[in-house]
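First comes the structure, then the notes that go with it.
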Amino acid sequence: RPDARLLAAIRSVRAAVNLPIIAAGGLVHGADVAAVLTAGAVAAQLGTAFLVCDEAGTAAVQRDQMADGQRWTEVTRAFSGRPARGLVNRFMLDNQDAPAAYPQVNNLTKPMRGAAGKAGDAEAISMWAGQTYAQARPMPAADLVGLLREEARDALRSVSGRL
């Protein structure tokens with residue numbers, strides 16, 4: 001489920017400004033979409049939920065690691081010089097003090113990342129993903145969108161019936 005801080009942030013921003021809010025972060029299920037919409041967002045943006053979709057182009061080694069669900073995630077600059085959240089591996093741990101130097105770091109690590117991807121080496125490839133990555137469901141993207149829609153509607157109906 002969405003972090004309570006996200007829902008509180010949506011309500012706080014909604015009260016402070018008259019702008020459309022698009023919620024993101026940790027959303028992988030239709031009930032998550034329903035929660036952020038009822039908190040005041042006009043839309044939900046899902047990223048990690050789509051990483052295991054057929055069309056994603058995610059490296060096989062990353063898909064395997066996501067399906068395994070055993071890695072934690074951290075924000076790192078190790079692969080690109082910009083902060084991004086990914087599945088923790090040896091390269092991230094060995095380069096925790098990577099400089100904020102994009103695109104130089106990105107260009108420097110690109111050959112290594114490419115070779116690691118081809119070799120299926122999970123310890124030297126960037127595996128970008130959010131904290132709820134283990135809940136991502138492999139299927140075609142269109143099917144996931146349809147499923148999210150149905151799950152959101154079911155969640156709203158369920159809550160409506162309890163009120």
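The values are calculated or read from the model by the stated rules, or taken from the named source; none is laboratory data. These figures come from a predicted structure and were not determined experimentally. Reconstructed Cβ throughout: ideal geometry from the backbone, glycine too, with neighbour counts over all protein chains shown. Please note that ligands, DNA and RNA were not included when accessible areas were found on the heavy atoms of the full protein model with its side chains. Shrake-Rupley method; radii C 1.70, N 1.55, O 1.52, S 1.80 Å.
State all residues of the stretch 116-142 that are over 13 Å from residue 79 (Cβ atoms), open to solvent by 50 Å² or more (accessible area, probe 1.4 Å) and not acidic (Asp, Glu); if no residue qualifies, say none.
The answer is 118, 119, 131, 134, 135, 137, 138, 142.
Can you tell me how many residues in the stretch 116-136 are of a type in the set (D, E, K, R) and part of a helix (DSSP H, G or I)?
Final tally of qualifying residues: 1.
For the stretch 1-115, which fully contained helices (runs of 4 or more DSSP H) count at least 1 residues that are touching a Gly at 6+ places or on another chain (Cβ under 8 Å) and open to solvent by 30 Å² or more (accessible area, probe 1.4 Å)?
Correct list: 4-16, 60-68.
Quick one: which residue in 32, 94, 54 is of a type in the set (D, E, K, R) and under 30 Å from residue 160 (Cβ atoms)?
32
Every residue in the stretch 19-36 that is touching a residue at least 40 places away in the same chain (Cβ under 8 Å) and over 16 Å from residue 153 (Cβ atoms), please.
Across the stretch 19-36, the qualifying residues are 25, 26, 28.
Just give me the residues in the stretch 96-119 being under 22 Å from the mean Cα position of the chain (by Cα) and of a type in the set (D, E, K, R), in sequence order.
Those that are under 22 Å from the mean Cα position of the chain (by Cα) and of a type in the set (D, E, K, R): 110, 113.
I'm told residue 147 meets every condition in (1) free of Cβ contacts under 8 Å to residues at least 40 places away in the same chain; (2) closer than 17 Å to residue 27 by Cα; (3) in a helix (DSSP H, G or I) except one. Can you identify the failing condition by its number?
(1)
In the stretch 143-158, how many residues are in contact with a helix residue (DSSP H, G or I) (Cβ under 8 Å, 6 or more places away or on another chain) and either closer than 23 Å to residue 72 by Cβ or surrounded by fewer than 14 Cβ atoms within 10 Å (Cβ to Cβ) (or both)?
Residues that pass the stated criteria total 4.
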